1. Please find, within segment 286-311, the residue that is surrounded by the fewest Cβ atoms within 10 Å (Cβ to Cβ) out of those that are part of a strand (DSSP E or B) and among the β-branched types (Val, Ile, Thr).
2. For segment 42-67, how many residues meet the condition of being closer than 28 Å to residue 84 by Cβ, in a helix (DSSP H, G or I) and β-branched (Val, Ile, Thr)?
3. Identify, by number, the condition in (1) free of Cβ contacts under 8 Å to residues at least 40 places away in the same chain; (2) in contact with a strand residue (DSSP E or B) (Cβ under 7 Å, 6 or more places away or on another chain) that residue 56 doesn't meet.
4. What are the residues in segment 153-166 that are surrounded by fewer than 20 Cβ atoms within 10 Å (Cβ to Cβ), polar (S, T, N, Q) and assigned to a helix (DSSP H, G or I), if any?
5. Here is a list: 63, 53, 111, 92. Which entry is among the hydrophobic types (A, V, I, L, M, F, W, C) and at pLDDT below 95?
6. Restricting attention to segment 289-336, which residues are acidic (Asp, Glu), out of contact with any Asp or Glu (no Cβ under 9 Å at 6 or more places or on another chain) and closer than 22 Å to residue 348 by Cβ?
7. Checking residue 70 against (1) in contact with a Phe, Trp or Tyr (Cβ under 9 Å, 6 or more places away or on another chain); (2) in a helix (DSSP H, G or I): exactly one of these is not met. Which one?
8. Identify the single condition in (1) in contact with a strand residue (DSSP E or B) (Cβ under 9 Å, 6 or more places away or on another chain); (2) among the hydroxyl-bearing types (Ser, Thr, Tyr); (3) surrounded by fewer than 17 Cβ atoms within 10 Å (Cβ to Cβ) that residue 23 does not satisfy, given that it satisfies every other one.
Amino acid sequence: MEPLARKTFNAGFTDAKYQQFLTRLNSGLQNPVPFRVAETPVFLTKDFTDRLIEAGNNIIDTIIQPGFKELTERSIPDKWRVANENVHPHFIALDFGVCKNDEGQIVPKLIELQGFPSLYGFQVNLGDVYRETFGINGKETIYFNGLEKDTYLQLLKKTILGPYQPHEVVLMDVNAPDQKTAVDFYITSQYLGIPVVSLSDLEQQGNQLFYDADGEKKRIKRIYNRLIFDEIDGDPDIFNRVVDIRQPLDVEWITHPNWFYRISKFTMPYLSGDYVPRTQFLHEIGQIPADLENYVLKPLFSFAGQGVIIDVTENDIINITDPENWILQQKVNYEPVIQAPDGGVKAEIRLLYLWPDDENRPTLAINLARLSRGKMIGVRYNKDFDWVGGTIAFIPC
């Protein structure tokens, strides 16, 4: 972490300034941000940033290789397979823990990855408000590959809209206004001019989809998909009440729901390198490791950390009835590198890529960061702590 930037930030920090930051962040929103936003951004050194970029490039190389679709075909549950899959995903998110290696160097270690959108709109606003409130200098940026705010938004628009007009593209989630990420939906809507709709708002005529815009039916050409099927898995009759989006429809997906499964924990056993913890499908391990305290057990088909077993025992492994749907992964030990007023805080950096239709490779564009004092990153592990929550990383220009 960049020591001078940290020292300068901490010296100027006050609780009053943090409250001012939150007020600015919530200004103009339909509802206040529903998740905790940390008191501080992350300040990365050039060396660590270069390691992050290298680690990301290595993983992207695997994803774009010929045969990746065939390799990940088993990842898609039959009941959630959707027709008309795109050639490639339009969004890739790679989560790296900030760790220390055996040589004492601070390095990124891959935690998870997803072929699904993240807070691509909210992070722009978050970076702006941190900079304005805390006076962060212009020598540091939240963007990669020479992007600035205007060029980033152009790339985001190109990725999501493509050749279509904003009214022909909808941002869709199961119950969009009630989602914790709804703040990102509406900021994205402001940036791109696209409507935000819920699954129940979709209307089908033949194989075409429509939505209502002030009493006028508008044809949907593209869906910017924010729906995760886990959220409707407990409602087996849902497609008797709403449009069954799994069927062949005359609509494009940005990004297609199948990519949520292809680029996920399922991909981890196929990755290798200095920045990837050793990971195996549970049904493929020859012998249970003697040092299980150094491993974590994860279900393939869950999200937001649900079902993860941190303190693994041999009985945990023996009692799993579907080992082909679990991975055993070497535990990643976060290093508390963020200096808060009362001690160290752990950090995770999410690299966010955009991949428009006409490009051969995704572009690393922006980032998201999360701070933690608990056993894991996430709200449920960080209750009653401060200097934790969602944030963003500034890197040297």
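The values are calculated or read from the model by the stated rules, or taken from the named source; none is laboratory data. Quantities reported herein were computed from a predicted structural model and do not represent experimental measurements. Glycine gets a Cβ as well: all are built from the backbone with ideal geometry, and neighbour counts include every protein chain shown.
1. Top of the filtered list is 309.
2. Residues meeting the conditions: 4.
3. Answer for residue 56: the failing condition is (1).
4. Within segment 153-166, just 154 meets the criteria.
5. 111
6. If the condition is that a residue be acidic (Asp, Glu), out of contact with any Asp or Glu (no Cβ under 9 Å at 6 or more places or on another chain) and closer than 22 Å to residue 348 by Cβ, then 335 is the only one that fits.
7. In the conditions (1) in contact with a Phe, Trp or Tyr (Cβ under 9 Å, 6 or more places away or on another chain); (2) in a helix (DSSP H, G or I), residue 70 misses (1) alone.
8. Exception for residue 23: condition (1).
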